[in-house]
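The values are calculated or read from the model by the stated rules, or taken from the named source; none is laboratory data. Note that this is a predicted model, so its numbers are computed, not measured. Reconstructed Cβ throughout: ideal geometry from the backbone, glycine too, with neighbour counts over all protein chains shown.
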Amino acid sequence: MRVIVNDMPNGYIPIFIFLALAISFPVVAIVAAKLIRPSAPSLTKLEAYECGIKAASDSRGRYTVRFYIVAILFVIFDVETIFLFPWAVRYRALGWFGVSEIAVFLGILIVGYIWAYKKGALEWV
């Protein structure tokens with residue numbers, strides 16, 4: 001009895017080539033930029049630039065919590081677009097089941113928007 005074991009199917013070779021290119025391109029670009037750029041740091045060049053005016057204070061000041069809430073809400077509600085793209089691509093194949101799924105998803109999203117609005121999280125002032 002003869003058993004042939006194929007460790008790596010040929011279908012994965014293009015994936016590994018793409019993975020190698022995807023990893024090597026940014027690494028090569030960063031190394032090339034480091035080698036090409038001029039590097040002559042001085043105290044003046046390392047100072048923060050504010051339109052020619054000396055820095056008044058440290059740039060690591062505190063932010064209000066409202067800024068973080070708005071940023072998190074933006075990320076959460078922006079992710080909805082990522083979920084809408086696959087649905088839009090497969091819209092015809094999903095039929096009415098897909099329409100009902102996206103209706104539930106958008107309903108939950110709208111409830112989230114209303115809740116955030118009533119809590120005052122969307123108001124900047």
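The table below gives the values:
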{"quantity": "Failed item in (1) modelled with pLDDT of 85 or more; (2) over 30 Å from residue 120 (Cα atoms); (3) exposed (fewer than 10 other Cβ atoms within 10 Å of the Cβ), with residue 7 passing the rest", "calculated": "(1)"}
{"quantity": "Tabulated pairs, the range 77-101, first on the phi < 0 side of the Ramachandran plot, second part of a helix (DSSP H, G or I) and among the small types (Gly, Ala, Ser), C-beta under 9 angstrom, 6+ apart or interchain", "calculated": "77/112; 77/116; 87/98; 90/98; 91/98; 92/98"}
{"quantity": "Residues within the range 87-108 that are among the aromatic types (Phe, Trp, Tyr), surrounded by 10 or more Cβ atoms within 10 Å (Cβ to Cβ) and over 20 Å from residue 77 (Cα atoms), tallied", "calculated": "1"}
{"quantity": "Selection from the range 76-125 of residues that are over 30 Å from residue 66 (Cα atoms), touching a helix residue (DSSP H, G or I) at 6+ places or on another chain (Cβ under 8 Å) and not hydrophobic (A, V, I, L, M, F, W, C)", "calculated": "90, 91, 98, 101"}
{"quantity": "Selected residue [free of Cβ contacts under 8 Å to residues at least 12 places away in the same chain, loosely packed, with under 11 Cβ neighbours inside 10 Å and not in a helix (DSSP H, G or I)] from 68, 63", "calculated": "63"}
